[in-house]
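Notes for the one structure printed next.
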Amino acid sequence: MTDKEMKNPRNAYGEALVELGKKHKNLVVLDADLSKSTKTIMFAKQYPKRFFEMGIAEANMISTAAGMASCGKIPFASTFAVFATGRVYDQIRMDVAYSNKNVKIFATHGGISVGKDGVSHQMLEDLALMRVLPNMTVFAPSDATQTKKIVYLMAENKGPMYARVGRANAPIIYNDKDIKDIKIGKAMTVKDGSDLCIIATGTMVEPAIQAHNKLKKQNISARVIDMHTIKPIDKETIIKCAKNTNGIITAEEHSIIGGLGAAVAETIVDNQISTKLIRMGIKDIFCESGEPADLLEKYHLNEKYMVENAIKILKK
Amino acid sequence: MKQLSKQEILKLELKAVQIRKHIIEMLYIAKSGHPGGSLSAVEALVAIYFAQMKHNPKRPDDPNRDRFILSKGHAAPALYATLAECGYFNTDLLKNLRQSGCMLQGHPACTCVPGVEASTGSLGHGLSFANGVALAGKLDKKNYQVYVLLGDGETGEGQIWEAAAVASHYKLNNITAMIDRNYLQIDGNTEDVLKLESVYERWKSFGWKVIEINGHDLEKIINALNQAKENKQKPTMIILNTVKGKGVSFMENNVDFHGVPPNEMERNIAIKELTAVEKQLEAQL
C-alpha cells in the first residue's frame, strides 16, 4: 500500500488538545464515555478540572457545550461521528449553529473504514448534515499533521465548527512545513497535474496520491487536491480544476449525497461551467461489517477505482 | 435573605398583571402564539427577574450576571414582556412579536434579543444548556446562579433526564430549575398523554432537592428560590403547581388555548378582567 510513516489522526487530536490547553485557559473538553477512543483522555489526564465526562448522554453534552461557550469557554465535544451529528442534530442546530456559539465538535470513527462494527457505527452522512447548517464550518482532515493543525484552527477561530477523522492509522502525508500556511476554506494541492483533478477529502487523500502515482506510469497527469474544509468550500480551486483540466473526480468516505461531491457539483453548476464530474463515495446505501480494506474495495473507494475513473474521464 | 414586605409583594403582583396584559395584546396582534403556557409562567418570571436575579438590563453580557433560561420556549411572550418591563428593550416592540423584521421571534433567539440567554423552542434543551453555564461558573469560581424554567409536558423529552443526571452528578447547586406544572399539554392532560407523576419522586430519585409550591404565590416562589440558593450540595427543582391560562377566566385550565391566540372579543374580555385586577391592586398600594 504505502511505505509512509503511519500515525493515527485521533492521537494528533489528543496531542493538539494538550498543547492548546496550555495556551488557552478557557479551552474545555467534553466526552461521552469514549475518551479512550477519541483520545480526549490525553487532555483529561493533563487538565482533569477542564475535562467533563458527560456519560452516554450525547444530546446533553452538545447543549452543555453551548452553555459553556456562552460563558466564554472554548468547548471541544467529542464522540464517534454517528453520535456527534445524527444523534444530536437538533441540539447542534438550535444550541450551536442557530445560536452561533463557539462550540467545536470533533468526531472520530467517520466513514466505512470503521469496519467491523457495521452500519450503526459507520457514519456516512455527517458532512452533509453539518454542511447544511448555517454558521457551521466543516473539516475532514487527511493525516495526523493536518489534523493537529486543524484542531489549532478550530480553537483559535470563532464560531461553530465540526471536524471528523476516521478510526484507522493513516499515512503521514505532510510535514510541518507543508502545512504551516493552512487556511480554513483553502484547499491544498498535494500533487500537480494537468489532465484531470482528483479532489479528495479526509481518508481519501492518500489513495488519491497513490492513484496519481499509478496514472503517472500511464502518462496521465492527475492533479490531487486535498479539500480539508468542506464548508466553506474552496470555490476558486474547484473552478480552476474544472476550467484547466478535462474533468474532476471527487472522493470521500461519505455518501455521494450532500458531502464533498455535492459541494463540488454545486460549485460547478452555480458557475455554469461545463465539465465532467465523477463523484466517488457511498452510493446512497447502507454498508455492512467487514475489514476496512475489503469494504473500501467492495464499495469502490480506493486508488484502483480512482485510476479507472480517471481513464473514463479522459476517454469520453 | 430578607422577607419582602406586603407592599413589595403587592407591587410584584401588579407587575404580573401588567405582564399578562402585554401577553394578551401581543398574541392578539400577532394572531398566533401560546397564551396558556405563557400565562401560567408569569409569577415565576416576575419572582426571578424582579425579586431574585442579579442582572443589569444595561449590561446583558455581564459575566457575573445570574442567568435565566426559558427551556419551554413557547412561553416567549411572557419572557419578552418581562424583559421589556425590566428595561432590556422598549415595551413598544412587544406589539411586533412574530412579525418579519422584528427581533422578537416566535420562540426565543439568543442572537436576536438582549437578555435572552439560549435559543429555545425545540423542547428539552434548556436544562443541558444551564448545566454548561453552571459548570463554567464553578470552573471560574463565580457565584452566579442559573435559573431554568421547564414545561411539565417538556419533561417527556429524554434529554431532560440526561441533564438531570449530569446536574446531580456534578453537584450543580448553582442550578435552580422550576417546572411549570400546569397539567396540560397540546394533546390533553399530562397524565393521559404521558404520565408524569410522581414528578416529585422522579426528581428526588435523580438526586435533586425538590420543593413543591403554589406557582402563583409570589411570596412562596421567592422563599423557595431563596431556599434553593442556600443549598450547597444539590441542584434544586421547584415544582410550581400552576394553572394553564392563569388570570383569564375562559383560558384557565383550557387546553384549547395552548397554541391559539385570542380573537378580538376574547382579547377584550381578557383585558377587561385583567384591568379590573390591576385596579384592585393599585387601590391597595
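The values are calculated or read from the model by the stated rules, or taken from the named source; none is laboratory data. What you see is a predicted model, and the numbers here were worked out from it, not measured in a lab. Here the Cβ is made from the backbone with ideal geometry for all residues, glycine too, and neighbour counts use every protein chain on show.
Residue count for region A:13-37, restricted to those that are buried (at least 24 other Cβ atoms within 10 Å of the Cβ), outside any helix (DSSP H, G or I) and in contact with a Lys or Arg (Cβ under 8 Å, 6 or more places away or on another chain): 2. Can A:Val138 be described as touching a residue at least 40 places away in the same chain (Cβ under 8 Å), more than 14 Å from every other protein chain (Cβ to nearest Cβ) and closer than 21 Å to A:Val28 by Cα? Yes: the conditions hold for A:Val138.
The residues of region A:56-91 that are facing another protein chain (nearest Cβ under 7 Å), surrounded by fewer than 24 Cβ atoms within 10 Å (Cβ to Cβ) and either free of Cβ contacts under 8 Å to residues at least 24 places away in the same chain or in a helix (DSSP H, G or I) (or both), listed by number, are A:Cys71, A:Asp90.
In region A:206-213 there is no residue matching the filter, namely being in contact with a strand residue (DSSP E or B) (Cβ under 7 Å, 6 or more places away or on another chain), crowded, with 24+ Cβ neighbours inside 10 Å and within 30 Å of A:Asp90 (Cβ to Cβ). When region A:164-179 is filtered for residues that are part of a loop (DSSP other than H, G, I, E, B) and out of contact with any helix residue (DSSP H, G or I) (no Cβ under 8 Å at 6 or more places or on another chain), only A:Asn169 remains. Selection within region A:38-55: residues that are over 22 Å from the mean Cα position of the chain (by Cα), outside any helix (DSSP H, G or I) and under 14 Å from A:Leu17 (Cβ atoms). The member of this set that is nearest to the other protein chains (Cβ to nearest Cβ) is A:Phe52.
Taken over region A:300-316, the criterion of being part of a helix (DSSP H, G or I) and farther than 15 Å from A:Glu253 by Cβ is satisfied by A:Lys304, A:Val307, A:Glu308, A:Asn309, A:Ala310, A:Ile311, A:Lys312, A:Ile313, A:Leu314, A:Lys315.
Name the residues in region B:261-280 that are crowded, with 17+ Cβ neighbours inside 10 Å and of a type outside the set (Gly, Ala, Ser), would you? Break it down stepwise before answering.
Taking region B:261-280 first, the residues crowded, with 17+ Cβ neighbours inside 10 Å are B:261-262, B:266-267, B:270-271, B:273-274, B:278.
Residues satisfying the conditions are B:Pro261, B:Pro262, B:Glu266, B:Arg267, B:Ile271, B:Glu273, B:Leu274, B:Glu278.
Taking first residues from region B:182-193 that are closer than 19 Å to B:Asn214 by Cα and partners that are at pLDDT 95 or above and in a strand (DSSP E or B), the Cβ contacts under 6 Å between residues at least 6 apart in sequence or on separate chains come to B:Tyr183/B:Asn189.
Might you let me know whether region B:157-169 holds any residue that is more than 14 Å from every other protein chain (Cβ to nearest Cβ), within 21 Å of B:Ala44 (Cα to Cα) and buried (at least 19 other Cβ atoms within 10 Å of the Cβ)? The answer is no, given that none of the residues of region B:157-169 is more than 14 Å from every other protein chain (Cβ to nearest Cβ), within 21 Å of B:Ala44 (Cα to Cα) and buried (at least 19 other Cβ atoms within 10 Å of the Cβ).
With respect to B:Thr91, determine if the residue is within 13 Å of chain A (Cβ to nearest Cβ) and β-branched (Val, Ile, Thr).
Numbers: within 13 Å of chain A (Cβ to nearest Cβ): no; β-branched (Val, Ile, Thr): yes.
No, not satisfied.
Against the condition in a strand (DSSP E or B), of a type in the set (Asp, Glu) and either touching a Lys or Arg at 6+ places or on another chain (Cβ under 8 Å) or buried (at least 16 other Cβ atoms within 10 Å of the Cβ) (or both), how does A:Glu297 come out, does it pass? No; evaluated as a whole, the condition is false for this residue.
Listed here are the residues, each with its yes/no results for (1) more than 17 Å from the chain's Cα centre (by Cα); (2) modelled with pLDDT under 95; (3) closer than 21 Å to A:Asn169 by Cα.
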position	(1), (2), (3)
A:Gly193	yes, no, no
A:Lys216	yes, no, no
A:Ala222	yes, no, no
A:Asn246	yes, no, no
A:Ala251	no, no, yes
A:Ala265	yes, no, no
A:Ile268	yes, no, no
A:Lys276	yes, no, no
A:Glu303	yes, no, yes
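Taken over region B:94-125, the residue count meeting the criterion of being in contact with a Gly (Cβ under 8 Å, 6 or more places away or on another chain), closer than 20 Å to B:Met53 by Cα and more than 8 Å from chain A (Cβ to nearest Cβ) is 1.
Among the residues of region B:172-212, those identified as part of a loop (DSSP other than H, G, I, E, B) and surrounded by 15 or more Cβ atoms within 10 Å (Cβ to Cβ) are B:Leu172, B:Asn173, B:Asn174, B:Asn182, B:Tyr183, B:Leu196, B:Phe206, B:Gly207, B:Trp208.
Considering region A:19-37, and only residues there that are farther than 21 Å from B:Asp140 by Cβ and of a type in the set (S, T, N, Q), the residue that is nearest to the other protein chains (Cβ to nearest Cβ) turns out to be A:Ser35.
Kindly list, by first and then second residue, each pair from a residue in region B:274-285 that is farther than 12 Å from B:Leu10 by Cα to a residue that is part of a helix (DSSP H, G or I), limited to pairs with Cβ atoms under 9 Å and residues at least 6 apart or on different chains. If the second residue must be part of a helix (DSSP H, G or I), the pairs left are B:Leu274/B:Val17; B:Leu274/B:Gln18; B:Leu274/B:Arg20; B:Leu274/B:Lys21; B:Leu274/B:Ile24; B:Thr275/B:Val17; B:Thr275/B:Lys21.
Tell me which residues, restricted to region A:187-205, are in contact with a Lys or Arg (Cβ under 8 Å, 6 or more places away or on another chain), small (Gly, Ala, Ser) and free of Cβ contacts under 8 Å to residues at least 60 places away in the same chain. Passing the criteria: A:Gly193, A:Ser194.
Residue-level check: of (1) among the hydrophobic types (A, V, I, L, M, F, W, C); (2) surrounded by 24 or more Cβ atoms within 10 Å (Cβ to Cβ); (3) in a loop (DSSP other than H, G, I, E, B), B:Cys102 misses just (2). Only residues that are surrounded by fewer than 20 Cβ atoms within 10 Å (Cβ to Cβ) and touching a residue at least 24 places away in the same chain (Cβ under 8 Å) were counted across region B:244-260, and they come to 6.
When restricted to residues that are free of Cβ contacts under 8 Å to residues at least 60 places away in the same chain and either assigned to a helix (DSSP H, G or I) or within 21 Å of B:Val17 (Cα to Cα) (or both), region B:58-94 contains 14.
Close Cβ contacts (under 6 Å, 6 or more residues apart or on different chains) running from residues in region B:143-167 that are within 13 Å of B:Leu196 (Cβ to Cβ) to residues that are part of a strand (DSSP E or B) comprise B:Leu150/B:Ile179; B:Gly151/B:Asp180; B:Asp152/B:Ile179; B:Asp152/B:Arg181; B:Gly153/B:Gln185. Taking the criterion of being surrounded by fewer than 24 Cβ atoms within 10 Å (Cβ to Cβ) and either within 13 Å of another protein chain (Cβ to nearest Cβ) or among the aromatic types (Phe, Trp, Tyr) (or both), the only residue of region B:71-88 that qualifies is B:Tyr88.
In the set A:Leu133, A:Leu129, A:Leu153, only one residue is under 18 Å from A:Ile92 (Cα atoms), outside any loop (DSSP other than H, G, I, E, B) and not basic (Lys, Arg); that residue is A:Leu129.
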